1. Per q in 0.12, 0.24, 0.27 Å⁻¹, report the Debye log10 I(q)/I(0) for the range 156-224, using one uniform scatterer on each alpha carbon and no solvent.
2. From the backbone phi of the range 153-164, what are the Karplus-calculated ³J(HN,Hα) couplings (6.51 cos²θ - 1.76 cosθ + 1.60, θ = phi - 60°) in whole Hz, Gly and Pro given as x?
3. Label 7 Å along Cα→Cβ of E65; the range 90-128 residues with amide nitrogen under 11 Å?
4. Which of C112, F177, A141 sits closest to the plus end of the dipole of the range 104-194, meaning its Cα is farthest towards the positive end, when Lys and Arg get +1 and Asp and Glu get -1 on the C-beta?
5. Less than 17 Å from a label point 7 Å out along the Cα-to-Cβ axis of K161: which backbone N atoms in the range 176-199 qualify, by residue?
6. Taking a virtual spin label 7 Å from the Cα of E47 along the C-beta vector, which residues in the range 165-185 bring their backbone nitrogen under 20 Å of it?
7. Post the alpha-carbon centroid distance, the range 136-161 to the range 66-121, in whole angstrom.
8. D166's amide H: which non-local residues (gap 5+, or another chain) put their own amide H closer than 5 Å, with H modeled 1.01 Å from N in plane and none for Pro or chain starts?
Amino acid sequence: MAGVGPKGSRAGYSSSKLMAANNPGKTALAAVVPAGREASLSRKTKETSIEVSLNLDGTGRASIETPLPFLSHMVEQIARHGLIDLTVRAVGDVEIDGHHTTEDLGLVIGQCVNKALGDKAGILRYGSATLPMDEARSTCALDLSGRAHFVWEVPLPAGAKIGTWDVELAPVFFEAFARGAQCNLHVVLHRGEILHHIVEISFKALARALREAVRIEPRVSGVPSTKGSLVD
């Protein structure tokens, strides 16, 4: 229904125009989310078959299928706490081990994020989160710079498993994500004792940092870079 314009006139009036009319001399700022911040990609090799679809402006809905239950649980955290609608269908040669599936899934999710962002106009670009999970606390900081760089300061014991998943594959996923998303990604563990908590809070911190970095900031004009581009 058309809104009521100034002086009682009947007219279609956007919220930004109403704000300006009610605040003379002030410019209204409205976050305009670009249409279609969605992407779908697939990657098939002799080792894995990965299909990923996501919507950066979702509500955290997840449909995750991998042959590694703990990995599925971790990827669900990215969707839920990143407010990303995420669908994953992954199969791989887990009879050998989970390395190929974990790495390829991280890579394709990262590539999907990069594709969905387009030229990255209007985004915050940077995101960070420090989160606790009982005795564990982790920080994730990222920069959607168009350059892949990965720092992992999370000591994990060699040979340990959570369920059927090798714990040493955690940095493999994060590094592949950084490579696919073309971002700087730093993960630091401040403290922690229980391996499940240490790994899970690192994934949750990634989700919250990513949620912040992809957010549209109405005050940003164009691409948030002095060189004018965040795309190679």
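Bear in mind these aren't lab numbers, they're just calculated from the coordinates by the rules spelled out. All values reported here derive from a predicted model rather than from experimental measurement. Using ideal geometry, Cβ is built from the backbone for each residue, glycine included, and neighbour counts are taken over all protein chains shown.
1. These q points yield log10 I(q)/I(0) values of -0.41, -1.17, -1.33.
2. 10, 10, x, 10, x, 5, x, 7, 10, 10, x, 9
3. Once the point is set 7 Å along Cα→Cβ of E65, 90-91 turn out to lie under 11 Å by backbone N, inside the range 90-128.
4. Of the options given, the answer is C112.
5. Label zone hits: 195-196.
6. Residues 165-182 qualify, since their backbone N sits under 20 Å from the label point.
7. When both Cα centres are located, 16 Å separates them.
8. Correct list: G98.
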